[in-house]
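Derivation of every value follows stated rules applied to the coordinates shown; laboratory data play no part. Note that the structure is a prediction, hence the values are computed from the model and not measured. As a convention, Cβ positions derive from the backbone with ideal geometry for all residues, glycine included, and neighbour counts pool all protein chains shown.
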Amino acid sequence: QVQLVESGGGSVQPGGSLRLSCTASGVILDIRVMAWHRQAPGKHREMVAAITAEGRIDYADSVNGRFTISRDYAKNTVYLQMNGLKPEDTAIYSCSAAVTSDAVVGPNAFWGQGTQVTVSS
């Protein structure tokens, strides 16, 4: 019913930059929150950044000041600009969205398939 598709992952040297994109498609009445998460090998998944429909933004302490989340409301797309990348940023990055497809049912959470980000010299 709703799909999230990420793009923009890849390999980069320490100090480099990458920009991730995630677009939601399907039956969408409203998207309250869009967020980026990451999971490194052997670690729990963590929220990296989130942005609400009103534009409120939250970042994990580990990325604050280096990563920037933004959203194109018309395109149902969320971006993550990642600067100053470090080896510890290596992980699979996934996006999520709280999407309302039915006004009676209310919002449901949907996830993308994930994209690999590798930071290595």
Chymotrypsin sites (Phe, Trp or Tyr not before Pro) restricted to DSSP loop in the stretch 31-87 with at most 15 other C-beta within 10 Å: Tyr73
Computed ³J(HN,Hα) along the stretch 34-41: with the Karplus parameters 6.51/-1.76/1.60, θ = phi - 60°, integer Hz and x for glycine or proline, the list is 10, 8, 10, 10, 8, 9, 8, x
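If you take every residue apart from Asp89 with its C-beta less than 15 Å away from the C-beta of Asp89, what net charge results, scoring Lys and Arg +1 and Asp and Glu -1?
My count for the surroundings of Asp89 gives +3.
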Tell me, what ³J(HN,Hα) does each residue in the stretch 93-110 have, in order and in whole Hz, if you take phi through Karplus 6.51 cos²θ - 1.76 cosθ + 1.60 with θ = phi - 60° and put x for Gly and Pro? 9, 10, 9, 9, 8, 9, 10, 9, 9, 9, 5, 6, 6, x, x, 10, 8, 10
Rounded to the nearest 20 debye, dipole of the chain from Cβ charges on Lys, Arg, Asp, Glu: 200
Suppose R0 equals 35 Å; then what is the FRET efficiency for Ser120 and Ser25 from their Cβ-Cβ distance, rounded to the nearest 0.05? 0.60
Would you please state the base-10 log of I(q)/I(0) at q = 0.15 1/Å for the stretch 33-114, with intensities from the Debye formula using one equal scatterer on every alpha carbon? -0.55
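Quick one, what does Rg over Rh come out to for the stretch 79-121 if you take C-alpha atoms and the Kirkwood Rh?
Ratio of gyration radius to Kirkwood radius for the stretch 79-121: 1.20.
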